[in-house]
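Sharing a structure here in structure tokens format.
The values are calculated or read from the model by the stated rules, or taken from the named source; none is laboratory data. Quick caveat, the model's predicted, so the values are computed rather than measured. For neighbour counting, all protein chains shown are included, and Cβ atoms are generated from backbone atoms with ideal geometry for every residue, glycine included.
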Amino acid sequence: MAEASETIVVHKGHGLPYSKGLTAQALSATGLSPERSFELARKVELRLAQLGAQEVDIAGLRALTEEVLLAEEGAAAVRRYRDWRRLDRLERPLVVMIGGTTGVGKSTLATMLAARLGVTRVIATDVVRQVLRAFFTQEAMPSVHHSAFEAGGVEGYRQQAERVATGIAAIVERAAGEGKPVIVEGVHVLPGTLDSALRERCVPVEAMLVVGDAELHRGHFTHRRATRPPDRYLGRFEEIRSLQDHLAACAGEEGVAVIDNVNVDDTLAYLMDLVLDAVMEVT
């Protein structure tokens, strides 16, 4: 039996074959797992084949996707899908800032969130610190030549964060100027330090990750790559925990969400909710 011909999706006068991958990415933004999202994208493909249309416009495809989503997952999933689509209508770029001390899962969650949102820029603040180290000697700027938990307690960390904050502001400034979304993650993301004028040029979303259970937090270091031996972190574990307490307190003072990263999937869902709520406020 011959396979049905591809359906062409037309948008602004241009057409491309229907993509299960793109549809699955959009559906995953509703909180569905990648596997379930792809399964539903396949159902959309089958519905298109049943309709027998050679072409469908983007509005028709979205309507069909909502029909499948409603039948399979319910009205709440449709609402989240519509909320996600609001991202395309933002006049200002989305800027997500994820803070937290060492070993709480910032990089992992930033990458996962970027995949859900279709964001291509994820920047770690340690990269900014590395650039500063390359340009300034230890004598000229000693604070950036140590990891945050080795910088000399909270006071040393604050000095380092102030230096890196200039680079973070430049990243957000560029995102605002280009209108391109970005996710910034790192221990140097200190709540309340982004200039108010710069915040007005983007759609900022801030979150502070913590791991409340000390033993769970300690266990995160044993799963790191061989290039990042756990002994270095476990030997300074109390400093790392102390810094976490400081960051959580700062977040609380600034009204920034503090998320206990016990389960990655739950935390990712929480981050998605923060993003979609922020988008709804400006659209």
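Of the conditions (1) in contact with a Gly (Cβ under 9 Å, 6 or more places away or on another chain); (2) farther than 20 Å from Phe237 by Cα, Ser143 fails just one. Which one is it?
Evaluating Ser143 over (1) in contact with a Gly (Cβ under 9 Å, 6 or more places away or on another chain); (2) farther than 20 Å from Phe237 by Cα leaves (2) as the failure.
Another question, if that's okay. For the stretch 195-283, which helices (runs of 4 or more DSSP H) that fit wholly inside it have 2 or more residues that are surrounded by 14 or more Cβ atoms within 10 Å (Cβ to Cβ), under 20 Å from the mean Cα position of the chain (by Cα) and outside the structural domain of Ser147 (by TED's automatic domain parsing)?
In the stretch 195-283, no matching helices (runs of 4 or more DSSP H) lie anywhere.
From the list Val131, Val96, which residue is exposed (fewer than 14 other Cβ atoms within 10 Å of the Cβ) and either closer than 17 Å to Val184 by Cα or acidic (Asp, Glu) (or both)?
Values: Val96 fails: exposed (fewer than 14 other Cβ atoms within 10 Å of the Cβ).
None of the other options fit; the residue is Val131.
When you go through (1) modelled with pLDDT under 95; (2) surrounded by 14 or more Cβ atoms within 10 Å (Cβ to Cβ) one by one for Ala41, which number turns out not to apply?
Only one criterion is unmet by Ala41, namely (1).
Being among the hydroxyl-bearing types (Ser, Thr, Tyr), in a helix (DSSP H, G or I) and in the same structural domain as Gly103 (by TED's automatic domain parsing), is that true of even one residue in the stretch 158-166?
yes
Taking Glu72, is it more than 24 Å from the chain's Cα centre (by Cα), surrounded by 12 or more Cβ atoms within 10 Å (Cβ to Cβ) and closer than 22 Å to Asp265 by Cβ?
yes
Quick check: anything in the stretch 237-253 in contact with a Cys (Cβ under 8 Å, 6 or more places away or on another chain), in contact (Cβ under 8 Å) with a residue 40 or more places away in the chain and on the phi < 0 side of the Ramachandran plot?
Checking the stretch 237-253: not a single residue is in contact with a Cys (Cβ under 8 Å, 6 or more places away or on another chain), in contact (Cβ under 8 Å) with a residue 40 or more places away in the chain and on the phi < 0 side of the Ramachandran plot.
Hey, could you check the stretch 83-133 for residues that are among the charged types (D, E, K, R) and more than 16 Å from Leu276 (Cβ to Cβ) and say which is modelled with the lowest pLDDT?
The extreme case among them is Arg133.
Which condition number does Thr30 fail, the rest of (1) free of Cβ contacts under 8 Å to residues at least 40 places away in the same chain; (2) within 30 Å of Thr111 (Cβ to Cβ); (3) not in a helix (DSSP H, G or I); (4) not small (Gly, Ala, Ser) being met?
(1)
Report, by residue number, each residue of the stretch 174-187 that is closer than 21 Å to Ala134 by Cβ and surrounded by fewer than 16 Cβ atoms within 10 Å (Cβ to Cβ).
Scanning the stretch 174-187 gives a single hit, Arg174.
Evaluate the following for Val122: is it crowded, with 16+ Cβ neighbours inside 10 Å and under 16 Å from Leu190 (Cα atoms)?
No.
Which of the helices (runs of 4 or more DSSP H) found entirely inside the stretch 43-123 contain at least 1 residues meeting this: closer than 30 Å to His220 by Cβ and touching a residue at least 60 places away in the same chain (Cβ under 8 Å)?
Those helices (runs of 4 or more DSSP H) span 75-85, 106-117.
Kindly provide the set of residues from the stretch 168-205 that are hydrophobic (A, V, I, L, M, F, W, C), free of Cβ contacts under 8 Å to residues at least 60 places away in the same chain and touching a Leu at 6+ places or on another chain (Cβ under 7 Å), ordered by number.
Selection gives Ala169 alone.
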